[in-house]
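The values are calculated or read from the model by the stated rules, or taken from the named source; none is laboratory data. As the structure is a computational prediction, the values presented were derived from the model and not from experiment. In this analysis, Cβ positions are derived from the backbone assuming ideal geometry, glycine residues included, and neighbour counts consider all displayed protein chains. Just the protein is used for accessible areas: all its heavy atoms, side chains included, with ligands, DNA and RNA removed. Shrake-Rupley method; radii C 1.70, N 1.55, O 1.52, S 1.80 Å.
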Amino acid sequence: MGWLGTLTMAGLGLLSTLFVFAFGLVVLAIIVMFVIDVSQTHDAVRRNYPVIGRFRYLFSTLGEFFRQYFFAMDREEMPFNRAERDWVYKSASGADNTIAFGSTKNLNAVETVIFVNCPFPTLDEHALPTPPVIFGPGADQPYEAHSIINVSGMSFGALSKPAVRALSKGAKLAGCWLNTGEGGLAPWHLEGGADVVFQMGTAKYGVRDDNGGLDEAKLRELAAHPEVKMLELKMSQGAKPGKGGILPAEKVTEEIAGIRGIEAYKASISPNRHPEIDNVSQLLDMIDRMRDVSGLPTGFKTVVGAYGWLDEMAEEIHRRGLAHAPDFITVDSGDGGTGAAPMPLMDNVGLPIREALPMVTDVLTRYGLRDRVKLVASGKLITPADVAWAYCAGADVVVSARGFMFALGCIQSLKCNKNTCPTGITTHDRRLQRGLDPEDKAVRVKNFVDKIRYGVGIIAHSCGVPHPRALKRYHCRIVLETGRSTPLDDVYPVPEVMERYREGGRADEMPAPRVHGSSVA
Ligand SMILES: Cc1cc2nc3c(=O)[nH]c(=O)nc-3n(C[C@H](O)[C@H](O)[C@H](O)COP(=O)(O)O)c2cc1C
């Protein structure tokens, strides 16, 4: 045997020793796990099925990752199914997002929206650009909003720096606004030059005085940035009504702490309400104060549950005069998204936008405030059909948070409350952020907005109107439990403006003429 043979034999000997050693280690590990499992008392499955019981946890963890690729059907997952996500991904990439063969959507499911196409659709050459909406006509600096979809509030903190930079640049490219969310105004919100809506949450990050109240000087200074066009007072958010913002300690970096004016690496928990706003009168006081200090149109964001207060507020507005009305109300859906929230609030508190939007629209209509107070709608409005429904139901503007996250590349891994987002969108881990190039993703944001505009436009034209803001309730039908559909204005009839408030009513919100129990466009 030559030296090569000797070497081979020695290698094989070493490999077999390593194999026996590894095998021994595995056996030893199984014995250790067996002893741990049978002697522990807190886990019944592992105590009754030592070692094997552990696979249950391994598989349910792996299932979270693999379900979406191998097992879930296109229309099955929550909160967003694969068909919806794919639509956004394809739109954002700028690729052709037509589909072939036929719809995979079950059109008999209760709540399905069906738009009422007109026998004589709007000719392409008769289509009109969507007119802008004027917010706060009486404010020192009214704001003209052009986009039918805009970026909903997501704080710098919940989102990473590259994500905010991408949204800022993307919103500028797309010509839509970017809402800061409740984490204060960061330089990254301003970087791209997009229109910015500054949100003041319950902790008043960035504009707080030493006692947790509003520091008017800070607000004045912040509102002086030319990019900041409107202020939004956050009362509540769909995912957690009655609970303030939650940013886990590991996400409170030095920079984020600096912007918020809090301690780094300590959980950032906002109060569950503005302490000084305990009724509609104080709500209107705060809106007046913010508007007076800033000169900017000012509104508030809420999720609707109880609703009598909306009537109360409308009456109080009339008592004070229309100048004291909020310039807009953002109605968030009970199933809205969040960086972090307790499950009972996320799952079971607050009305979904499908009910809340027509309800709030109708209160404003009855009180003749429909023109004065603009309605911004949010909550899983990420495809053209969702957005078009919102315009039919009464929205003046739509905003989306998670639609834009998908545009940035979010894969719905549901890790926003950790610091481990695999796509870099909601993590401050530099390694994970490397995958998110703000310049590249900004283009995706613009593409997504363009495709929404195009898609809502073609629905509007199919319904025979020249642009999305001309969509009305009678342009859409809803599938009921019987499997048959009924006009949205049968489910939510458009109310009359009350006699004493007729002046401020909006003619196009008047009920449509009705023929044979159905409405005509
Ligand atoms: C990561 C993340 C952070 C959010 N942060 C805020 C916030 O700071 N303030 C707020 O009012 N809403 C916040 N939201 C809620 C969104 O603005 C929006 O109201 C809600 O997600 C519904 O819209 P969507 O279904 O398009 O996501 C956040 C949502 C997400 C997903």
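The overall shape of the stretch 209-286 is oblate: from the C-alpha gyration tensor, with semi-axes ordered a ≥ b ≥ c, the ratio a/c is 1.5 or greater and a/b is no larger than b/c.
Can you give me the % of accessible surface on the stretch 356-447 that is carbon or sulfur? Probe 1.4 Å, all protein chains present, nothing else counted.
Numbers: 1360 of 2640 Å².
Of all accessible area on the stretch 356-447, carbon and sulfur atoms account for 52 percent.
Annotation: for a label point projected 7 angstrom from Cα along Cα→Cβ of residue 220, residues of the stretch 157-198 with backbone N closer than 20 Å are 185, 198. Entry note: the stretch 368-494 has Rg to Rh equal to 1.08, where both radii use alpha-carbon atoms and Rh is the Kirkwood radius. Under the shape rule built on the C-alpha gyration tensor, where the axes satisfy a ≥ b ≥ c, the stretch 2-131 is oblate, since a/c reaches at least 1.5 while a/b does not exceed b/c.
Rounded to the nearest 10 square angstrom, residue 499 shows an accessible area of 140 square angstrom against a 1.4 Å probe. Based on protein heavy atoms only, the stretch 1-79 ends up with 83 Å² per residue of surface accessible to a 1.4 Å probe. Near residue 485, the amide H atoms lying under 5 Å from its own belong to 480; only residues 5 or more places off or on other chains count, and H is placed 1.01 Å from N. Based on Cα contacts under 8 Å between residues 6+ apart, the stretch 56-200 shows a relative contact order of 13 percent. Ranked by solvent-accessible area (1.4 Å probe, protein heavy atoms only, all chains present), the residues 469, 47, 320 order from largest to smallest as 47, 320, 469.
Rounded to a whole number, what % of the accessible area of the stretch 234-326 do carbon and sulfur atoms account for, probe 1.4 Å?
Details: 1910 of 3720 Å².
On the stretch 234-326, the fraction of accessible area on carbon and sulfur atoms equals 52 percent.
Among the listed pairs 105/172; 161/301; 169/234; 218/380; 266/441; 218/472, those whose Cα-Cα separation exceeds 32 Å are 105/172; 218/380; 218/472.
Relative to the longest principal axis of the Cα atoms of the chain, the long axis of helix 3-39 lies at roughly 60 degrees. The 1.4 Å probe gives accessible areas that order 286, 359, largest first, as 359, 286. Here's how it looks for residue 195: its modeled amide H is under 5 Å from those of 178, which are all 5 or more places away or on a different chain. For the chain, the longest principal axis of the alpha carbon atoms and the long axis of helix 161-174 meet at an angle near 40°. Computed with a 1.4 Å probe over protein heavy atoms only, the accessible area of residue 347 comes to about 90 Å².
At a threshold of 8 angstrom on Cα-Cα distance, excluding pairs fewer than six apart, so keeping six or more, what relative contact order does the chain reach in percent? Numbers along the way, then the final one.
On the way: 1016 pairs, mean separation 95.5, N = 521.
This gives 18 percent for the chain.
Shape class of the stretch 48-121 from the alpha-carbon gyration tensor: prolate, with a/c at 1.5 or above and a/b greater than b/c.
Tilt of helix 353-366 relative to the longest C-alpha principal axis of the chain, in degrees (0 to 90, nearest 10)? Relative to the chain, helix 353-366 is tipped by roughly 20 degrees. Structural descriptor for the stretch 5-94: relative contact order 11 percent, calculated from alpha carbon pairs under 8 angstrom and at least 6 residues apart. As I understand it, the dipole of the chain uses +1 on the Cβ of Lys and Arg and -1 on the Cβ of Asp and Glu, about the Cα centre. Which of 464, 224, 427 lies farthest toward its positive end? Of 464, 224, 427, it is 427.
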